[in-house]
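Colleague: Questions regarding the structure given below will be posed in turn.
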Amino acid sequence: MWDRILDRMMRDFIQRRALALTYPDGTRRVYGEEDAAPIEVTLHDPGLPRRLVLNTDLAVGEAYMDGRLTIGQDDLEGFLACATENAGVGDDVWWRRATAAIFKARRRFDQWNPARRARENVAHHYDLSSELYDLFLDADRQYSCGYFPDPSMSLDAAQEAKKHHIAGKLLLQPDMEVLEIGCGWGGMALTLARDYGVRVLGVTLSEEQHRTACQRAADAGLQDRVRFELRDYREVTGEFDRVVSIGMFEHVGVPHYVEYFRNVRDRLKEGGVALIHTIGRAYVPGHTSPWIQKYIFPGGYCPALSEMSAAVEKSGLYSCDVEVWRLHYAETLRHWHDRFVANEDKARALYDDRFCRMWRYYLKACEVTFRHNRQCVFQYQMTKRQEAVPLSRDYLYREPNRKMEAAE
């Protein structure tokens, strides 16, 4: 029965490209375009068709991790591109509508992130071994989208460009006080202090990131300008000239959006400027992949612009600029994936084969989602007063990637 239901689902779903599925009993069926070379997928577990019918996204990821689903020549990119491209055009398939409604209905529970739960969610991902992140990130450990105005740029150059592009939007002056919500391993805060002469408070919930960031500040001799604290953004008090957050808003959760932006407002001085950099969806509100939710980012969600803007409107902040980055994150993830694969033996020594398959699946699934299914990045600039920033975006490009000497 489950094989027949899965066969019907596949016939409805695969409309572009082609996929050949070999069932556990040896039956092989081809779906999609007749003249396309199919991606070969084999199911090795008799119980897998039932799992695929009941929760396709979660079952596919878990089966690949466990080796119960294999792909011809391990063409993970081809398989995920086929699935993602069809997901982007198959919203009206009956079973996809039903599962989307179920996951969206439980979204408030999945994304309810009070401080204690937020700490647990952060620890799940960001307190993994520091050595793991050294295997695929750039030298500054920027774990967010790089900026590729030139597609041939290296990953390190793109991450530097990202930091200075954001700094330009913050309109920094020496000795300004800056709050960074979600400071990671400290790279952005250290760059702002060193190159722009500001003072930065960075907050994180990750013990591993906090320890590393503090050590980096000490090594750079910037303890007098940068401090890092292990605390929730909701616990921060005081006012700052600037607030910046890069790749943290994805962990806030829809039920907390208004609370988040009211905190941003309360932390800003009257003439202050905030810049929020987040993954988003160029589509209507949705839900997080169940596999990503379980294995990678519990409590995470990438917002539609309508969701983000509605919360900003209720906070009393003035929206000054929204920039949309499209394929920049796809290129960033390509670099991360290729670096991870090149260092996979080292990752296997830290964890095991199953973890390595999980991590490759995560990086490649995210990349193809940016390439084929309406995922993007929003940079949202906001203030308390509309005159706090220039009237046009020209100021960003008059002196590209400009830096201020900290000594000035």
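The values are calculated or read from the model by the stated rules, or taken from the named source; none is laboratory data. It should be emphasised that the depicted structure is a prediction, and the values quoted were computed from it without experimental measurement. Backbone-built Cβ (ideal geometry, glycine too); neighbour counts: all protein chains shown. Only protein heavy atoms, including side chains, enter the accessible area calculation; ligands, DNA and RNA are left aside. Shrake-Rupley method; radii C 1.70, N 1.55, O 1.52, S 1.80 Å.
Colleague: Among the GluC sites (Glu not before Pro) within region 226-271, which fall in a DSSP loop and have no more than 16 other Cβ atoms within 10 Å of their own Cβ?
Modeller: Answer in residue order: Glu239.
Colleague: Past 31 Å, Cα to Cα, is the threshold; run Lys364/Lys384; Lys269/Lys294; Lys163/Lys384; Lys294/Lys346 against it and keep the listed order.
Modeller: On the way: Lys364/Lys384 39 Å; Lys269/Lys294 39 Å; Lys163/Lys384 23 Å; Lys294/Lys346 24 Å.
Exceeds cut-off: Lys364/Lys384; Lys269/Lys294.
Colleague: What share of the DSSP beta bridges in region 262-408 is antiparallel, in percent to the nearest 5?
Modeller: 95 percent
Colleague: Among (i) 22.3, 74; (ii) 21.9, 66; (iii) 20.3, 68, only one was calculated for this model; which label is it, if the read-out is Rg and Dmax of the Cα atoms in Å?
Modeller: Computed from the coordinates, Rg and Dmax of the Cα atoms in Å corresponds to (i).
Colleague: Round to the nearest 10 and report in Å² the accessible area of Ser130, as given by a 1.4 Å probe over the protein chains' heavy atoms.
Modeller: 20 Å²
Colleague: Around Ala217, what is the net charge, scoring Lys/Arg as +1 and Asp/Glu as -1 over all other residues with Cβ under 14 Å from its Cβ?
Modeller: Neighbour charge sum, excluding Ala217 itself: +2.
Colleague: With a 1.4 Å probe and all protein chains left in place, how much accessible area per residue does region 182-259 have, in Å²?
Modeller: 34 Å²
Colleague: From largest accessible area down, sort Met9, Met1; use a 1.4 Å probe on the protein chains.
Modeller: Met1, Met9
Colleague: Could you work out how far the C-alpha centroid of region 164-217 sits from that of region 9-38, in angstrom?
Modeller: One Cα centre to the other: 49 Å.
Colleague: Enter the Cα centre distance for the pair region 311-335 and region 132-146, rounded to the nearest angstrom.
Modeller: 20 Å
Colleague: Per DSSP H run of at least 4 residues, take -39500 (n - 2.57); add these up for the chain, divide by its residues and hand me the 222 nm value, nearest 500 deg cm²/dmol.
Modeller: That comes out to -14000 deg cm²/dmol.
Colleague: On to the next question. Could you tell me the accessible area of Trp291 in Å² (1.4 Å probe, neighbours in place), rounded to the nearest ten?
Modeller: Surface accessible to solvent at Trp291 totals approximately 0 Å².
Colleague: Let's see if you can work this out: charge +1 on each Lys and Arg Cβ, -1 on each Asp and Glu Cβ, no other charges. What is the dipole magnitude of the chain about its Cα centre, in debye to the nearest 20? Working shown, then result.
Modeller: Values: 56 positive and 61 negative charges, 236 e Å.
With Lys and Arg at +1 and Asp and Glu at -1, about 1140 debye.
Colleague: Also, I was wondering about something else. Which percent of the accessible area of the chain is formed by carbon and sulfur heavy atoms (probe 1.4 angstrom)? Mind dumping the intermediate values first?
Modeller: Details: 8770 of 17790 Å².
That share works out to 49 percent.
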